[in-house]
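Heads up: the structure comes next, in structure tokens.
The values are calculated or read from the model by the stated rules, or taken from the named source; none is laboratory data. Owing to the predicted nature of the structure, the values given are computational and were not obtained by experimental measurement. Cβ atoms come from the backbone with ideal geometry, glycine included; neighbour counts cover every protein chain shown.
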Amino acid sequence: MQSTKRKVDLVVISDVHLGTYGCHARELCQYLKSVQPGKIILNGDIIDGWQFSKSYWPQTHSEVLKIIVDFMASGTPVYYLTGNHDEVLRKFSGFHLSNFYLVDKLVLEENGEKFWFFHGDIFDLSVNYAKWIAKIGGYSYDWLILLNRWINIGLERMGKEKVSISKKIKNSIKTAVKFANDYEKIAAEHAIDQGYTHVICGHIHQPGIREYENEKGKVSYLNSGDSVENLTSLEYTNGKWSLYQYQSEMEVLKVRPLSLPASDMNPSLRVA
């Protein structure tokens with residue numbers, strides 16, 4: 001844990017899934033306490049409405065919300081973008097109170113650059129056309145994460161390295177890999193069609209920074225990952241995007257960090 005807070009222009013977090021067994025709220029609290037952001041974007045699935053239960057809400061989950069509220073109280077704008085697991089909030093989209101903004105998508109613009117933020121479930125057919133299948137998958141995924149946690153406790157006690165069962169399954173199934181690749185391509189191509197220069201989303205729990213180009217143009221694709229499997233977030237500061245991953249402390253995850261001109265994104269960005 002760092003003794004002083006790091007100043008960053010923008011922090012993007014998605015897929016926290018508060019209210020589920022898989023959420024690593026304690027680690028997220030440590031991360032949030034380590035930064036001093038100019039803006040915070042909560043890019044969907046922060047609270048898991050699909051699997052929410054009154055019988056499971058640890059203190060650390062409340063602590064995450066408290067830290068976010070403290071940011072707002074200190075003057076930091078917080079944008080909550082709705083996802084599929086917190087889709088119940090979409091009926092209140094457009095709500096604004098002080099430094100808190102509830103929206104379905106967000107476009108930040110400066111110097112001709114357009115940054116498009118949205119959760120990403122609009123490109124997931126299983127969510128939009130077979131929601132009951134997606135929900136069953138969500139429950140199964142949560143129990144798999146819980147099982148994985150107990151396995152890792154045992155491995156730690158034996159002095160062995162932790163494993164991620166869900167990651168291994170995803171990486172070993174060709175259809176899952178293809179889905180992630182197709183998802184990124186569709187999001188990038190749609191952003192190019194709409195004239196955006198950067199598209200930032202979550203949803204698939206696959207952190208990354210990529211550049212896409214086709215005959216119509218090019219776009220930077222960024223995904224903030226999650227606080228369940230990868231414990232990642234996106235940060236923008238001093239003109240550079242970085243993908244961070246929690247380990248014993250926050251360290252840069254070496255996934256082709258994307259450098260942008262310092263003027264392209266800073267706390268003075270206006271909402272388009």
Can you tell me which residue among Gly159, Gly217, Gly154 is modelled with pLDDT under 90 and on the phi > 0 side of the Ramachandran plot?
-> Gly159
Gly120 fails exactly one of the following numbered conditions: (1) modelled with pLDDT under 95; (2) at negative phi. What is the number of that condition?
-> (2)
Which condition breaks for Ser248 when tested against (1) assigned to a loop (DSSP other than H, G, I, E, B); (2) in contact with a helix residue (DSSP H, G or I) (Cβ under 9 Å, 6 or more places away or on another chain); (3) modelled with pLDDT under 90?
-> (2)
Condition test on Ile41, is it of a type in the set (Val, Ile, Thr), under 17 Å from Lys5 (Cβ atoms) and at pLDDT 95 or above?
-> no
Sole residue being within 19 Å of Asn230 (Cβ to Cβ) and among the acidic types (Asp, Glu), chosen from Glu63, Glu27 = Glu27
Neighbours by Cβ (under 8 Å, 6+ apart or cross-chain): first from region 52-67, within 13 Å of Cys23 (Cα to Cα); second aromatic (Phe, Trp, Tyr) and at pLDDT below 95 = Tyr56/Tyr21
Any chance Tyr21 is of a type outside the set (A, V, I, L, M, F, W, C), surrounded by fewer than 21 Cβ atoms within 10 Å (Cβ to Cβ), under 20 Å from Leu231 (Cβ atoms) and touching a residue at least 40 places away in the same chain (Cβ under 8 Å) = yes
Tabulated pairs, region 196-218, first surrounded by fewer than 18 Cβ atoms within 10 Å (Cβ to Cβ), second in a strand (DSSP E or B) and among the hydrophobic types (A, V, I, L, M, F, W, C), C-beta under 7 angstrom, 6+ apart or interchain = Tyr212/Val219
